[in-house]
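In what follows, a structure is listed as structure tokens, so that the remarks can point back to it.
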Amino acid sequence: MSTTRADILRALSFRNISAIYIFIVLFAVFSIWIPDKFLQVGVWRSLLDAEALTGIAAIAALIPLIAGSLNLAIGAQVGFSAILSAWMLGKAGLPIALQFPAVLLAGALIGLVTALVITRLKVEPIIATLGMSSILLAGMAWVSGSQQILGLDPAYRQIASAQFLGITVPVWTLLAVALVTWYVLERTAVGRRTYAAGFNPESARLAGIDVERLQIGTLVAGGALAALAGALLTSRLNAGDPTVGPSFLLPALTAVFLGSTQFKGGRFNVLGTIVAMYVLAVGIKGLQLAGSPRWVNDLFYGLSLLLAVALSQWEKTSRRGAAIDRAIRGSRARRAAGDNTNTNVTVSS
């Protein structure tokens, strides 16, 4: 088998692009089951727009995860930023030009505080982000009084509803965020060091990489992106709703883990995350159009998350097993070559 053919088969294998095959199956099932509802241009356009904020939240969770920090506060960060955005506009009366960067700055500061808890206080990322999530949920209730914040400037709604070439601003924003993140992670030295820090922190430190600094930077960047999703969420709703932000956590993490099994052989990556996110969204949309109850959404995402994590672990185990097998076969080959050499020397003598 030639190398080129092997590469093509590996690229098209189910292990490498399982999300694409799942999408084909979902598309075929729902096209046959509910063609009059599923095969509508409006459905796909609304799906593209509706999931854009989830995609930004997923990238916000992806960046620190690459550096080794699982952020379970990502939903609360989106929700708090959305409430803060609505409060600044509706209660404090800030103009949009000041409110938007202020929300992004607040999101970055939340990421910085989380990072300092992890790196300076040596709290495990899961515990630190769980604690931060609870604090932010309390903050949301305090700022909003557990009520919707209404009466925002109608002009703010135009940010999320405006279109360019038939595509809404949130979708363009997702594309821009994904492109910049992909470039930094895949094409720069900072990205390579970030992957190294997340893969093996001790080896990265021995190689001279400042692991803590990278973890702080990725959590700050993730916080700013979560705030961006929150600000756009407020624009879309034209209100501050304290109930919607936390629901971003499960879809975002599911997309990140399922995406890690795509294209890069068990490595977290931007393209896999976006593809996985939209494939999952197609499954949810099809079930909704078929009349499934709302609890099916949580069931679908929960099962998908378990499957995605299991697949990612299986991928790592499989690669480790393959590496061990190659090492054993190489050792046997070297030993056999050594035996042949000794035999030849003996015969010659």
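The values are calculated or read from the model by the stated rules, or taken from the named source; none is laboratory data. As the structure is a computational prediction, the values presented were derived from the model and not from experiment. Please note: Cβ atoms are built from the backbone with ideal geometry, for glycine as well, and neighbour counts cover all protein chains shown. The protein model used for the area step is the full one, side chains on, heavy atoms only, and it has no ligands, DNA or RNA in it. Shrake-Rupley method; radii C 1.70, N 1.55, O 1.52, S 1.80 Å.
Over the range 184-316, the hull volume per residue, using the convex hull of the C-alpha atoms, is 131 Å³.
What area, in nm² and to one decimal, does the C-alpha convex hull of the range 138-181 cast on average over all directions?
5.0
Relative to the longest principal axis of the Cα atoms of the chain, the long axis of helix 189-199 makes an angle of roughly 80 degrees. For the chain, the percent of C-alpha pairs falling in each 20 Å distance bin, counted from 0 to the bin holding the largest distance, reads 27, 52, 16, 4, 1.
Could you tell me what percent of the accessible area of the chain is made up of carbon and sulfur, with a 1.4 Å probe and every protein chain present? Percent of accessible area from carbon and sulfur atoms in the chain: 66. Across the chain, C-alpha contacts under 8 Å between residues 6 or more apart give a mean separation that, scaled by the residue count, equals a relative contact order of 30 percent.
Take the chain with all the other protein chains still there, run a 1.4 Å probe, and you get 51 Å² of accessible area per residue. Per q in 0.12, 0.20, 0.24 1/Å, what log10 I(q)/I(0) does a Debye calculation on the alpha-carbon atoms of the range 115-202 return? At q = 0.12, 0.20, 0.24 Å⁻¹ the computed log10 ratios are -0.76, -1.02, -1.06. Using C-alpha pairs under 8 Å with a sequence gap of at least 6, the mean separation divided by the residue count of the range 1-133 gives a relative contact order of 21 percent.
In this Cβ point-charge picture (+1 for Lys and Arg, -1 for Asp and Glu), the chain has a dipole of about 1020 debye about its Cα centre. Helix 74-90 axis versus longest C-alpha principal axis of the chain: approximately 30°, rounded to the nearest ten. With Cβ to Cβ distances under 13 Å as the rule, what net charge do the other residues near residue 49 carry (K, R +1; D, E -1)? In short, +2.
When Rg and the Kirkwood Rh are both derived from Cα coordinates, the Rg/Rh ratio for the range 37-155 amounts to 1.04. Relative to one another, the C-alpha centroids of the range 268-306 and the range 24-56 are positioned 11 Å apart. Relative to the dominant Cα principal axis of the chain, helix 96-119 is inclined by about 40°. Classified by the C-alpha gyration tensor, the range 90-148 has an oblate form. Its axis ratio a/c, with a ≥ b ≥ c, is 1.5 or above, and a/b does not exceed b/c.
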